[in-house]
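Asks: One structure, as structure tokens, below. Some questions next.
Only the coordinates and a few stated rules stand behind these numbers; no lab work does. Because the structure is a prediction, the values reported are computed rather than measured. As a convention, Cβ positions derive from the backbone with ideal geometry for all residues, glycine included, and neighbour counts pool all protein chains shown.
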Amino acid sequence: MFEITGLRCEYQENPIGIGAARPRISWRLQSGERGVSQTAYEIEIAGDAEFASVIWKSGRTDSDQSVLVELEAFLAESCKRYYYRVRAWNQKGEQSPWSETAFWEMGVLSPEEWSAEWIAAPLALLPVEAEPSPLLRKSFTLAGTVKEARLYATALGLYELELNGRRVGDSYFTPGWTSYNHTLQTQTYDVTELLEAGGNAIGAWLGSGWYKGNLAWSNQRCLYGGQLALMLQLRVVYTDGTEELIVTDDSWSAAVSPIQLSEIYHGETYDARLERKGWSTAAYDEENGEGWQPAVVIEHGKEMLRPQINEPVRKQERLKPIALFTTPKGERVLDFGQNMVGWVQFEVQGSAGTEVTLLHAEVLDQEGNFYTENLRAAKQCIRYVLKGGERETYEPRFTFQGFRYVQLLGFPEKLELEDFTGVVLHSDMEETGHFACSEPLVNQLQHNIKWGLKGNFLDVPTDCPQRDERLGWTGDAQMFIQTAAYLTNVAPFFTKWLRDLESDQGADGSIPFVVPDVLKGQEHSSAAWGDAAVICPWTLYVCYGDKRILEQQYDSMTAWVSYIRQQGENEFLWNTGFHFGDWLGLDAKSGDYVGATDRDFIATAFYAYSVSLVRKAAAILNKSEDEAEYQQLYDQIAAAFREEFVTASGRLAVPTQTAQVLALMFGLLDEAAEKRAILKLSELLKQNDFHLTTGFVGTPYLNHVLSAYGQNEAAYKLLLQQTYPSWLYPVTKGATTIWEHWDGIKEDGSFWSKDMNSFNHYAYGAIGDWMYRTAAGIQTVEEAPGYKRIVIAPQPGEGLTWAEGSMETLYGTVRSKWSKTDNGAFTLDVTIPSNTAAHIRLPDTAAESEVTESGAALREAAGIIAVHAKADGLAIEAGSGSYRFAWQGILTSSSVALV
Ligand code: BGC
């Protein structure tokens, strides 16, 4: 038998406050049997958990779709909660019981439904240039017994709410960072339990955040506006069915909060002596609280309000410091053992007015002193002024720091490690991937990749989390999205970001360097950065089977390639304008950031690649005219590329590692030129004793190309290389995250440079994709995306005796683990979720008779659909289930030896 489990609406479990009026539903088929697939399903939606009032039902629908199922002719209404359940029929015609009931709840769908007004502290109290944060509050009386209550809120700036002295919800950095003039996210909270009979009070803290605070360089502030403001409405439903609405309006009061300064880059200053005890409770008396003034209603539109799409930022982990020590310079420093992003929560005791300070740094310098020069202008400084008396606990609200080390100033002599906690914060995405192998250094690399993601997925995908940058660099996001999609479910996160990308896209189709665009006025559109407009939605489609993201982004995708087409005189080459090139490539001229690969080579290669993806998107969306047009355009670009960059005898005119990699990865060469390019790449690697020279653009594809073109052993050599430059070099230097530079810390312990040396930059972590896809062998199939069909094709290599990857797909767990012994005995353990099928490649064996499955003959195993012998291994078609294949191999991998 089988069951239906894991119900999700718009990727989330029982979400509240969603904005998709046509939400999509996913479920899993759970069974101990092999080969289970779905032939039909039925969905019911009701207004109550008991299904007494069924609103919509699909009826029995013949379909094998169990992921992101659209509900035909069903339109969800604003603020309503819907309960749903699913049952299904399998390939034997058996029917499952109904699933457990799940629900989703809508947010405020249209701006017209906001009757609240924008309110702010009067400018006389807090002028635009003032640094302290405001508080806003209101007391109110409830007239009856509360059945349920919802709070809908947003802010210009960041907000945190309290109801009757208790924090509302567990989200941080709300309303998140978007292209604020186009989209401002609204959040929904179930506050039924926080309300009290009779007198109540609600209060808000506001912080400058990305809206008003310092962003990018040259002291840029107030990028979106200068006045912090709040808008919320509290909808209370009484047991008699009547409703009451409490909204932000001129009946609220404002005061200055104890937060004297709050900045994303610079940290927070908090004077606990200025706390207003009980300020968000009904018992608080404003008259005696002093400093309260009537809040003012300000003019600001509501047309940009939309319910939040992505998971909010939440506290994820708590780390304890592993040491407290004194540096040679005499600094008192805590070591958290991990380069992390979030903040430190601490306890301290002392007299009123004592000031304690925490400074944050990623690394120590050569001498072991606290090093902050690579933070550039970002102060990363937390100041706390004690109110005195009892032990006090503090953590910031509207800022985050990227750090491993914390310097303590002004603290009492005697300190306990126990008094400090590193709180890790990031977008609350579901963790999906796991990778491990026989080489501990590679496992540390995997750990570092994961922490690169944790540190840089704080509501937007950022380049780094510590210096005065922390921006949504499009190129970095594009390079890492595929790896990120193995590690976590990034669909809601990137769906939100791509909407901002489209909002900030120029009328001519150009794409800003960063999204949200806070570098306005600077040049637009570098190749490999702007291509995020196409590569990101396409990756979401392939990884999650999400067709809607292609529908939503299609205009943005086509506008981007049209923009490129308009550049320069030859519409099939991109050889004009500014480009970052192979950023940080090691074949750069001395003192230069840009690698040696010609920028127009890179630009044209990416142009071709993006057009090829737009063509595929057009095909999926049934736009056949577009499909033909983009096919033709692609052929013309590829021809122009060859004309310009391939010599008559088939050699690439650009002799760098990155050039060979891009031309092969994007399939731009004919067979003869392909052979020469892979030979050239092998040669270049050999000359360099298997060290890479690639930068941001070439690195993500380097190992893919080697493994795909018969040089798998070279890919393993690069992966396992420990000397500089390599992925493992930073690991040998004690890295706990991915560095921006291959030589962030040099062999002698000195630093690369202070102006651009982040130790938490995920871009080079893109090797994670190869680790899952090739070392563990878990692959998507474009024709059946979202792991509806799966390829399991591990390519073992010298240096590892086993590798394992697992992945929570929307269908369930996919797992692949291979191991080999000295005498050539291979084992491959595979798990395929129900309602999917897999194509499994067993490397190094062509003889079916050699292979057993769970100890029995291969053909006799349940779930095996077909077996084909291939020159380089056995190909097996299998249905869902767990399998163990064992065979005798020839030890070395199947790849062609290097010439
Ligand atoms: C960022 C990069 C980004 C680059 C553009 C840097 O300052 O940190 O990661 O992609 O600028 O070249």
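Asks: In the chain, with Lys and Arg counted as +1 and Asp and Glu as -1 at Cβ, which of these residues, Leu206, Gln711, Thr186, has the Cα nearest the positive end of the dipole, that is, farthest along it?
Replies: Gln711
Asks: If you plug each phi of the range 606-611 into the Karplus form 6.51 cos²θ - 1.76 cosθ + 1.60 with θ = phi - 60°, what whole-Hz ³J(HN,Hα) values come out, in order, with x for Gly and Pro?
Replies: Rounded to whole hertz, the list is 5, 4, 4, 4, 4, 4.
Asks: Working out 0.36 nm times the residue gap between Gln632 and Glu860, then minus their Cα-Cα distance, what length gain in nm do you get to one decimal?
Replies: Full extension of this stretch gives 77.3 nm more.
Asks: Which length gain, in nm to one decimal place, applies between Trp56 and Ala143 when the Cα-Cα distance is subtracted from 0.36 nm times their residue separation?
Replies: 27.8 nm
Asks: Calculate the spin-label point distance for Glu430 paired with Glu129, positioning each point 7 Å from the Cα along the beta-carbon direction, and give it in nanometres.
Replies: So the label points at Glu129 and Glu430 sit 5.1 nm apart.
Asks: Continuing with the same structure: D for the range 282-398, whole µm²/s, Stokes-Einstein with Kirkwood Rh over alpha-carbon pairs at 20 °C and 1.002 mPa s: what number?
Replies: The diffusion coefficient I find is 114 µm²/s.
Asks: Taking the Cα centre of the range 393-467 as the origin, how large is its charge dipole in debye, to the nearest 20, when only Lys and Arg (+1) and Asp and Glu (-1) carry charge on their Cβ atoms?
Replies: Here the range 393-467 has a charge dipole of around 260 debye.
Asks: Ok, one more. Between Rg and the Kirkwood Rh of the range 478-609, both from Cα atoms, what is the Rg to Rh ratio?
Replies: 0.98
Asks: May I ask you to give the average projected area over all directions of the convex hull of the Cα atoms of the range 184-271, in nm² rounded to one decimal?
Replies: Computed as one quarter of the Cα hull surface, the answer is 8.0 nm².
Asks: Oh, and also: Based on the Cα gyration tensor of the range 322-376, what are the three equivalent ellipsoid semi-axes, each the root of five times an eigenvalue, rounded to whole Å and given largest first?
Replies: 22, 14, 12
Asks: Using the count of nearby Cβ atoms within 10 Å as a rough guide to exposure, how do Cys79, Cys437 rank from fewest to most?
Replies: Going from sparsest to densest Cβ surroundings: Cys79, Cys437.
Asks: If you don't mind, there's one more thing I want to ask. Could you order peptides 228-234, 443-449 by the average number of other Cβ atoms within 10 Å of their residues, highest first?
Replies: Answer by packing, highest mean first, reads 228-234, 443-449.
Asks: Can you pull a Stokes-Einstein diffusion coefficient for the range 102-174 at 37 °C (0.692 mPa s), Rh from Kirkwood over Cα pairs, as a whole number of µm²/s?
Replies: 211 µm²/s
Asks: Hey, how much of the P(r) for the range 115-223 falls beyond 22 Å, as a percent of Cα pairs?
Replies: 39 percent
Asks: Sticking with this structure for a sec: Out of the range 65-154, which trypsin sites (Lys or Arg not before Pro) are coil in DSSP terms and have no more than 15 other C-beta atoms within 10 Å?
Replies: Lys80, Lys92
Asks: So in the range 238-397, what percent of DSSP beta bridges are antiparallel if you round to the nearest 5?
Replies: About 80 percent, rounded to the nearest 5.
Asks: Return P(r) of the range 453-497 (all Cα-Cα pairs; 10 Å bins starting at 0; whole %; ordered from short to long distances).
Replies: In order of increasing distance, the bins hold 28, 62, 10 percent.
Asks: How many angstrom lie between the C-alpha centres of the range 95-120 and the range 813-851?
Replies: 45 Å
Asks: Show the residues, 5+ positions off or on another chain, whose built amide H is closer than 5 Å to the amide H of Tyr371.
Replies: Hits under the 5 Å cutoff: Val363, Asp365.
Asks: Something else about it: Treating the range 390-538 as a set of equal point scatterers at the Cα positions, no solvent, please give the Debye-formula log₁₀ I(q)/I(0) at q = 0.09, 0.10, 0.13, 0.21 Å⁻¹.
Replies: -0.38, -0.46, -0.71, -1.32
Asks: Something else: Where the convex hull is taken over the Cα atoms of the range 197-324, what is its projected area averaged over directions, in nm²?
Replies: 13.3 nm²
Asks: Now for a different question. Fewest Cβ neighbours within 10 Å first, please rank His426, His741, His839 accordingly.
Replies: His839, His741, His426
Asks: Now a separate question. Residue-wise, which Karplus ³J(HN,Hα) couplings in Hz belong to the range 752-767, taking 6.51 cos²θ - 1.76 cosθ + 1.60, θ = phi - 60°, and x for glycine or proline?
Replies: Each residue of the range 752-767 in turn: 4, 5, 8, 7, 8, 9, 7, 9, 8, 10, 6, 3, 6, x, 4, 4 Hz.
Asks: Show the residues, 5+ positions off or on another chain, whose built amide H is closer than 5 Å to the amide H of Gly863.
Replies: none
Asks: Round to the nearest 10 and give me the degree value, 0 to 90, for the angle of helix 474-487's Cα axis relative to the longest principal axis of the chain.
Replies: 80 degrees
Asks: Given the options Ala866, Tyr772, Gly667, identify the residue whose Cα lies farthest towards the positive end of the charge dipole of the chain (+1 on Cβ of Lys, Arg; -1 on Cβ of Asp, Glu).
Replies: Ala866
Asks: Additional query: What angle do you read, to the nearest 10 degrees and between 0 and 90, between the alpha-carbon axis of helix 699-708 and the longest principal axis of the chain?
Replies: Tilt of helix 699-708: around 30 degrees.
Asks: Order the peptides 268-280, 538-550 from the highest to the lowest mean number of other Cβ atoms within 10 Å of their residues.
Replies: Going by the mean number of other Cβ atoms within 10 Å, highest first, we get 538-550, 268-280.
Asks: What 222 nm value per residue comes from the helices of the chain, counting each DSSP H run with n ≥ 4 as -39,500 (n - 2.57) and dividing by all residues, nearest 500 deg cm²/dmol?
Replies: -6500 deg cm²/dmol
Asks: Can you compute the charge dipole magnitude of the chain about its Cα centre, using +1 on each Lys and Arg Cβ and -1 on each Asp and Glu Cβ, nothing else charged? Give it in debye, rounded to the nearest 20.
Replies: About 1040 debye.
Asks: Based on the inverse mean of 1/r over its pairs of different Cα atoms, what is the Kirkwood hydrodynamic radius of the range 741-788, in Å?
Replies: Evaluated over the range 741-788, this radius sits at 13.6 Å.
Asks: Using the per-residue mean of other Cβ atoms lying within 10 Å as a proxy for protection, in what order, highest first, do the peptides 290-303, 454-467, 4-17 fall?
Replies: 454-467, 4-17, 290-303
Asks: As an exercise, find the ratio Rg/Rh for the range 1-97 from alpha-carbon atoms, using the Kirkwood inverse-distance average for Rh.
Replies: Result for the range 1-97 is an Rg/Rh of 0.97.
Asks: Stick to the Cα atoms of the chain, pair each with every other, and give me the Kirkwood hydrodynamic radius in Å at one decimal.
Replies: Computed over the chain, the radius equals 29.3 Å.
Asks: Could you calculate, for the range 720-840, the ratio of the Cα radius of gyration to the Kirkwood radius, expressed as Rg to Rh?
Replies: 1.09
Asks: Then there is this: Would you grab the residues whose amide H sits under 5 Å from the one on Thr597? Only those 5+ places off in sequence or on another chain, please, with H modelled 1.01 Å from N.
Replies: Sorted by chain and number, the residues that satisfy this are Asp582.
Asks: In addition: Tell me the volume per residue, in Å³, of the convex hull enclosing the alpha carbons of the range 548-675.
Replies: 119 Å³
Asks: To the nearest 10 degrees, how steeply does helix 624-645 sit against the main Cα axis of the chain, on a 0 to 90 scale?
Replies: Between helix and principal axis, roughly 70 degrees.
Asks: Would you mind getting me the FRET efficiency between Ser882 and Thr801? Use the beta-carbon distance for r and R0 = 25 Å, nearest 0.05.
Replies: Using R0 = 25 Å, I get an efficiency of 0.70.
Asks: Let me ask you something else. Could you please state, rounded to a whole Å, how far the C-alpha centre of the range 136-192 is from the C-alpha centre of the range 483-540?
Replies: That distance is 29 Å.
Asks: Working out 0.36 nm times the residue gap between Glu395 and Asp64, then minus their Cα-Cα distance, what length gain in nm do you get to one decimal?
Replies: 114.2 nm
Asks: Right, here's the next one. Could you run the Debye sum over the Cα atoms of the range 279-327, one equal point scatterer each and no solvent, and tell me log10 of I(q)/I(0) at q = 0.28, 0.31 Å⁻¹, two decimals?
Replies: Debye intensities relative to I(0), on a log10 scale: -1.11, -1.20.
Asks: Can you give the translational diffusion coefficient of the range 32-89 in µm²/s, computed by Stokes-Einstein from the Kirkwood radius over Cα pairs at 25 °C and 0.890 mPa s?
Replies: 193 µm²/s
Asks: Calculate how large, on average over all directions, the projected area of the Cα convex hull of the range 1-55 is; give the answer in nm² to one decimal.
Replies: 5.1 nm²
Asks: P(r) tail for the range 633-735, what percent of Cα pairs lie past 15 Å?
Replies: When all Cα pairs of the range 633-735 are counted, 62 percent exceed 15 Å.
Asks: Which value, to two decimals, describes the C-alpha radius of gyration of the range 759-899 once divided by 2.2 N^0.38 Å?
Replies: With N residues counted in the range 759-899, Rg over 2.2 N^0.38 Å equals 1.05.
Asks: Calculate how many DSSP beta bridges within the chain are antiparallel, expressed in % of all such bridges and rounded to the nearest 5.
Replies: 90 percent
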